[in-house]
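Encoded as structure tokens, the structure appears first; notes follow it.
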Amino acid sequence: MKIKPTAADVIMEILSLVLMIGVSLYIFIRWSSIPDKIPMHYNFAGEIDRWGGKGELLFLIAIAWGIWLLITVTERFPKFWNTGVEVTEKNREHVYRTLKYMVKTMKLIIVIIFTYLILHTLTVRNLPGWFLLAFVGLLIGDMAFWLIWLYRKR
């Protein structure tokens, strides 16, 4: 089934792509001014617990692009999604539309999180204490919202 994109789909797609391109270009443009040693891992409290070379930023960017690409490809094949509900002719459009919104919003949230992490790493400071809670809360909250919407409207 082909799901016709809505204005919200297009806006979320453009935002996620602009953030990915923007953070990649920012790293490329600022490469010579990035410190040689930067934080590469944070513990649960947001404290730096591993340092690495600035070359590891390329790995972080590659992971972000890989996740972005994987989600982008996955969202194009709703037939293979695990819907969690029985898909019938009557509810097919609603089920796939709802799940597409969920995938799009989760992709945007993940891109925002990676963008924040990459840019924050360049400040060479600990992460704020709220970061982990916000990260997990946003992802779980987004998924819960769309799954509740799906089950109530099926």
Search result, residues across region 128-154 that are charged (D, E, K, R) and either surrounded by 14 or more Cβ atoms within 10 Å (Cβ to Cβ) or within 14 Å of the chain's Cα centre (by Cα) (or both) | 142, 154
Residues located in region 103-124, provided they are assigned to a loop (DSSP other than H, G, I, E, B) and either in contact (Cβ under 8 Å) with a residue 24 or more places away in the chain or closer than 16 Å to residue 11 by Cα (or both) | 122, 124
Any chance you could count how many residues in region 1-17 are surrounded by 12 or more Cβ atoms within 10 Å (Cβ to Cβ) and part of a helix (DSSP H, G or I)?
-> 8
Residue ID - nearest to residue 4 (Cα to Cα), chosen from residues in region 50-80 that are among the basic types (Lys, Arg) and either touching a Cys at 6+ places or on another chain (Cβ under 9 Å) or free of Cβ contacts under 8 Å to residues at least 24 places away in the same chain (or both) = 76
In region 10-44, how many are at pLDDT 95 or above, of a type outside the set (Val, Ile, Thr) and under 30 Å from residue 102 (Cβ atoms)?
-> 11
Give me the pairs, please: first residue somewhere in region 11-24 and closer than 14 Å to residue 65 by Cβ, second residue anywhere and open to solvent by 50 Å² or more (accessible area, probe 1.4 Å) and of a type outside the set (S, T, N, Q), beta-carbon distance under 8 Å, and either six or more positions apart or on two chains.
-> 19/112; 20/65; 23/119; 24/65
For residues that are touching a Ser or Thr at 6+ places or on another chain (Cβ under 8 Å) and assigned to a helix (DSSP H, G or I), scanning just region 21-44, find the one that is least open to solvent (accessible area, probe 1.4 Å).
-> 23
Conditions (1) farther than 25 Å from residue 107 by Cα; (2) touching a residue at least 40 places away in the same chain (Cβ under 8 Å); (3) open to solvent by less than 80 Å² (accessible area, probe 1.4 Å): number failed by residue 47 = (3)
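The values are calculated or read from the model by the stated rules, or taken from the named source; none is laboratory data. These numbers were taken from a predicted model, which means no experiment stands behind them. Please note: Cβ atoms are built from the backbone with ideal geometry, for glycine as well, and neighbour counts cover all protein chains shown. What goes into the accessible areas is simple: the full protein's heavy atoms, side chains included, and nothing from ligands, DNA or RNA. Shrake-Rupley method; radii C 1.70, N 1.55, O 1.52, S 1.80 Å.
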